[in-house]
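Visitor: I'd like to ask you about the structure that follows.
The values are calculated or read from the model by the stated rules, or taken from the named source; none is laboratory data. Just so it is clear, the structure is predicted and the values come from calculations on it, not from any experiment. Glycine gets a Cβ as well: all are built from the backbone with ideal geometry, and neighbour counts include every protein chain shown. SASA here: full protein model, heavy atoms, side chains in, ligands and nucleic acids out. Shrake-Rupley method; radii C 1.70, N 1.55, O 1.52, S 1.80 Å.
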Amino acid sequence: MTNQYVKKVLVVGGGISGLSAAIALNKMGIEVEIAEKELEWNVYGVGIIQPPNALRALNEIGLADACMEQGTSYPGFDYYTGQGHFLFHTASPTIEGYPGVNGISRRKLHNFLFDAVSAIGTKIYMGTTVNKIENKENGVSVEMNNGISATYDLVIGSDGANSKVRTLLFGEIEQRYSGQGVWRYNLPRPKEIDKGLFYYGKDAKAGLVPMSEDEMYLLVTTNEPGNPRFPKDQLHVLLKERMTEFGGIIADVAKQIVDPSQVVYRPIFTHLMPSPWYKGNVLLVGDAAHGTAPHLGQGASIAIEDVIVLADILKHNLTVEETMKVFMEKRFERCKMIVENSDQLVEWELLTAAGKMTEKVNVGEFVKMTLEKMNEPFLTELNV
């Protein structure tokens, strides 16, 4: 199980994929250090939807049970019109041993990951990123902005959609603005909300996602032409303005949006790096390689899968070059499907809002087909 070629790794980025990588590689006896640009852990976001393939990947590092125990599991989603008239229920495709959906707060997930990383003694450099990366014959020479220079066998760029590692490797890339933004807000959870709910208005989509016995989060996807910038002290007002077309429970929860500092707004950008996602012994994973719209709830899932697959390949003691090639064979098409299918859902929503949706599309079947594909095994045998 020991890899003779990879014994020391630098992970740039201490988010979901970076922390997962540290845990997965440590299980193989690989020494991992993490460079995290924030001075303090500041978990971005409110809650997260975990489909079965995310839980299956987390199970590889021993965290699936904790997520299901501390989150809220349910079989699928109910869909309504914007005014609250029931349309249909869709059960989410499952993997044996896992629910159709698990909702959990991002902070809880981060704490599980951080506690696991702390337990194994991973060295973490806070307030740190990389200034220079140079592939050399004996590994990768790295200069960090904290004054430390070191050589690693492998560097993993898991530093998000605006990756510094990616820029150093490949230069600036264009991220495509989707035309939409997503708003999120934490709310108390009424007992009767025991599954995910989605409401489709003309200009927006609203959802309620249970995260625990007493907490849920609201998400609202809106069309935002031109990628406008919003004053932070007005975010609660702007969000409520975008919810005026909704009736029913969405209208009720809108009254509870009172704190602008608790509104999380993010314009939706997407990108897919062409293959390969590596140069020499430096590899991009997660949002650094593939930034996706949130419409399939798969962004964090495929980021975790990336590093679990990488660790699995490293068990076979291949050279770094061979490891990278196998990694791309296993990950590119799967991640490409999520980015493209999520983009397709965005396009259909924009066309519908503009009254230009001419083709007949069964969105539910499209989503189901995609999620069923994601439930197929992602750890497969290597022909080595």
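Visitor: Could you pull out every one of the lysines with an alpha carbon less than 29 Å from that of Lys232, ignoring same-chain neighbours closer than 8 positions?
Guide: Reachable lysines: Lys37, Lys108, Lys164, Lys202, Lys205, Lys240, Lys255.
Visitor: Report, in deg cm²/dmol and to the nearest 500, the calculated mean residue ellipticity at 222 nm for the chain, where each DSSP H run with n ≥ 4 adds -39500 (n - 2.57) and the sum is divided by the residue count.
Guide: After summing the helix terms and dividing by the residues of the chain, the value is -10000 deg cm²/dmol.
Visitor: Residue by residue, what Karplus-based ³J(HN,Hα) values in Hz, rounded to whole numbers, does the range 155-164 have, using 6.51, -1.76 and 1.60 with θ = phi - 60° and x for Gly and Pro?
Guide: Computed from phi, the couplings for the range 155-164 are 10, 10, x, 10, 9, x, 4, 9, 3, 6 Hz.
Visitor: Moving on to the next point. Using a 1.4 Å probe on the protein chains only, how many percent of the accessible area of the range 133-207 belongs to carbon and sulfur?
Guide: Solvent-exposed carbon and sulfur of the range 133-207 make up 45 percent of the total.
Visitor: From the phi angles alone, apply the Karplus equation (6.51, -1.76, 1.60; θ = phi - 60°) to the range 124-130 and give each ³J(HN,Hα) in whole Hz, x where the residue is Gly or Pro.
Guide: For the range 124-130, the Karplus curve yields 10, 9, 7, x, 10, 9, 9 Hz.
Visitor: Any idea how many Lys pairs in the range 297-384 come in under 16 angstrom at the alpha carbon, given 8 or more places apart or on separate chains?
Guide: Count of close lysine pairs: 4.
Visitor: So for Trp183, Trp41, what's the accessible-area order with a 1.4 Å probe, most first?
Guide: So, going from the largest accessible area down, we get Trp41, Trp183.
Visitor: Relative contact order, percent, of the range 1-43 when contacts are C-alpha pairs under 8 Å separated by at least 6 residues?
Guide: Taking the mean separation of contacting Cα pairs over the length of the range 1-43, I get 46 percent.
Visitor: While we're here: Roughly how many Å² of Glu31 are accessible to a 1.4 Å probe, to the nearest 10?
Guide: 90
Visitor: Another one. Send over a whole-number figure in Å² for the accessible area per residue of the chain, probe 1.4 Å.
Guide: Computed with neighbouring chains in place, this is 44 Å² per residue.
Visitor: Between the range 1-19 and the range 44-109, what is the C-alpha centre distance in whole Å?
Guide: So the two Cα centres are separated by 27 Å.
Visitor: Given a cut-off of under 8 Å on Cα pairs at least six residues apart, what relative contact order in percent is computed for the chain?
Guide: 21
Visitor: Arranged from highest to lowest average of other beta-carbon atoms within 10 Å per residue, in what order do the peptides 103-113, 9-19, 127-137 appear?
Guide: Going by the mean number of other Cβ atoms within 10 Å, highest first, we get 9-19, 103-113, 127-137.
Visitor: Tally Lys and Arg at +1 and Asp and Glu at -1 over the other residues with C-beta under 10 Å from the C-beta of Gly47: what net charge comes out?
Guide: Its environment carries a net charge of +3.
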